Amino acid sequence: MVMKRRRMSAECEMDHSYAMPNVNDNSNALLKKIQNVYANKLLNDITLVVGGISYPAHRFMLCISSDVFETMLMNSTWSDSHQEVIELQEVPQCIEVFPVFLQYFYTGVITLEQTNIMPMLVLADKYNVKDLTALCVEYMCEHIADAADQGQLVTWFQYVLSLNQPTTINALYYCKIWQDTECMDIKPPWNKLLKACRNYIKWNLDSCIKCFNTFQCDILVGLLKQSDLVIHDEMQLFGCVASWLNYQSAEKLLECNDPDTIEDYMSSLTEHVMSFIRYPMILPRQMAQLLMVPVVKQNKDFFVDKMAAAMEYNLIKMEKRSDTEHILECTPRLYTCERWGNSFRVRTKTIPNYQSIKRDIVTRSHLFDREREIDKESTNWEIEMYLKGMRFGKAVLVTWRGSIELPEVVIKTVRATIKMKLPPEDIGKVSRHVRVAILVYAVQNKIAHVVTVVQKVVLFDANQNLITIDDLMVYDAINQLTTNEDSILINDTNVSYFMSDRIPLKFHVIITPVIPGLTDTHIGTRIQHVHI
């Protein structure tokens, strides 16, 4: 998608109620004169050479547009300050877009698209052109889904990280960058872009297959450590990492022709990265498939040990182990396979105000896939959604002092309730310690993706058979539609919920067991949004 952007001009900032009638005309005339000076190479007093091509320019325009050019050309201690010809060293991608970048100084208008956004951002950041940097970040936030579809999103994410890395970096840093709490003080506009890229990748990994191989090793390992990674199942994630390793092998082959060196390098890299796959979460019947994967055949000793340990968890009761060595590998991620939950769609226009909709799902009660537990392997849940708010009618509260009349109350929130359904004979006897997650889907530029994730660790028992989650979605984006609209934007990043009859709202509910001492329970309760 192509988007034209204009920098904030003088007339945009002016309070028009006090502007003279001819201010806009004068501003437009001045702008046309400046554009004419550039287009016809009039009065230029400096030449920039980029990639062997000369670009006549004007010191004044360079200095008022860029802090870096101002320092280069106005500070007498710089050798370039007195030169009439300055050669700039740029990477090939930046060389291609440099004439458009320079023209922006004179026109204040630029056309941004997927093919030029990264080199344009690199130039804007390098020369500290703040308004162009803001325009690029704005464009990128509005095209996160497009970037994933075109295989660029991981590159965007890693570039933002490279600009905001702390002085000291360790393994904990690469883990924290994927978590909801920031591990560093990132200033606007980078913080918004970083969060949008990070959460989109983490919650829509199946949409990022085209750019998965571009992950840097440490950043990929940090991602593999996350328990709120949304993926179909662990087997799919294994396949993604195996593909990444094949890509690294091909890249290493271009650098080095020594087979022994490559073999040693890939063996070490494979063991390092594949150590973070959660093998106990791979079903025993899927293990046989792993034996056919080339990377497994090439590293048999490593993988046989991992697979044997996984099979042991699946065949023997080990839930009561007190050590925490395997707390992550025995923690399910947010798997969207039917084993742990299901998705459902809702056509909101057919729902009367204040009425709820209900759906039932079935999940496995046990962490591991054991045949002998098949009689008790599932739990039924009732999911109830209040998308149109809630209304509580008038009531009378009776107290020892007398009766109090309570007025009607309308609560404008999107509420979800999750209830454990038990047969009468099990009520009060059965408990389930679980992690509940709700994925909410939305659309950006016609591309569907997970935009909100709710996670809550809770114990369902005789004292608590139902939990409530409010503010699951943006209430106004669902309930303030006109008859001619199918959707309302959630925020300023061009994201909207599914609202038409053709494409309804989509949710996915995931409920996985929690075993104290064996599975991670640090999630707590939180609602996270990709673009908000």
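What follows is calculated from the coordinates using simple rules that are stated; it is not laboratory data. Keep in mind that this is a model prediction, so the values were computed, not measured. In this analysis, Cβ positions are derived from the backbone assuming ideal geometry, glycine residues included, and neighbour counts consider all displayed protein chains.
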Problem set entry | Potential extension, residue 176-residue 392 segment - 0.36 nm per residue separation minus Cα distance | 73.5 nm
Problem set entry | Across 176/388; 306/421; 195/456; 225/412; 202/297, pairs whose alpha-carbon gap is larger than 31 Å | 176/388; 306/421; 225/412
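Evaluate E = 1/(1 + (r/R0)^6) for residue 479 and residue 382, where r is the Cβ-Cβ distance and R0 equals 22 Å; express this FRET efficiency to the nearest 0.05.
Details: r = 24 Å, r/R0 = 1.08.
Efficiency at R0 = 22 Å is approximately 0.40.
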Exercise. Residue 413 to residue 217: extension gain in nm, 0.36 nm per residue of separation minus the Cα-Cα distance?
Worked result: 66.4 nm
Problem set entry | Calculated diffusion of segment 149-251, Stokes-Einstein form, Kirkwood radius summed over Cα pairs, 25 °C and 0.890 mPa s, µm²/s | 174 µm²/s
Problem set entry | Debye-sum result for segment 215-286 in log10 I(q)/I(0), which assumes one identical scatterer on each alpha carbon, at q = 0.14 Å⁻¹ | -0.49
Exercise. Which FRET efficiency value, to the nearest 0.05, do you get for residue 463 and residue 162 by plugging their Cβ-Cβ distance into 1/(1 + (r/R0)^6) with R0 = 41 Å?
Worked result: 0.25
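Enter the per residue convex hull volume of segment 433-480, computed from alpha-carbon coordinates, in Å³ rounded to the nearest integer.
Numbers: hull volume 3.8 nm³, N = 48.
Hull volume normalised by residue count: 79 Å³.
What FRET efficiency comes out for the pair residue 43/residue 130, r = Cβ-Cβ distance, R0 = 25 Å, nearest 0.05?
Details: r = 26 Å, r/R0 = 1.04.
Result of the calculation: an efficiency of 0.45.
Taking K and R as +1 and D and E as -1, what net charge do the other residues with C-beta under 12 Å from the C-beta of residue 507 add up to? Intermediate results must be reported in sequence, preceding the final value.
On the way: positive: 345, 359, 506; negative: 384.
Value of the local net charge: +2.
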Exercise. In square nanometres, what is the average projected area of the Cα convex hull of segment 253-372?
Worked result: 13.2 nm²
For this session: Can you give me the three principal axis dimensions of segment 416-458 from its C-alpha atoms, in Å, biggest first?
Result: 50, 18, 12
Exercise. Residue 113 to residue 309: extension gain in nm, 0.36 nm per residue of separation minus the Cα-Cα distance?
Worked result: 65.7 nm
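Explain nothing, just the number: dipole magnitude of segment 91-164 about its Cα centre with +1 on each Lys and Arg Cβ and -1 on each Asp and Glu Cβ, in debye rounded to the nearest 20.
On the way: 2 positive and 8 negative charges, 57 e Å.
Charge dipole of segment 91-164: 280 debye, to the nearest 20.
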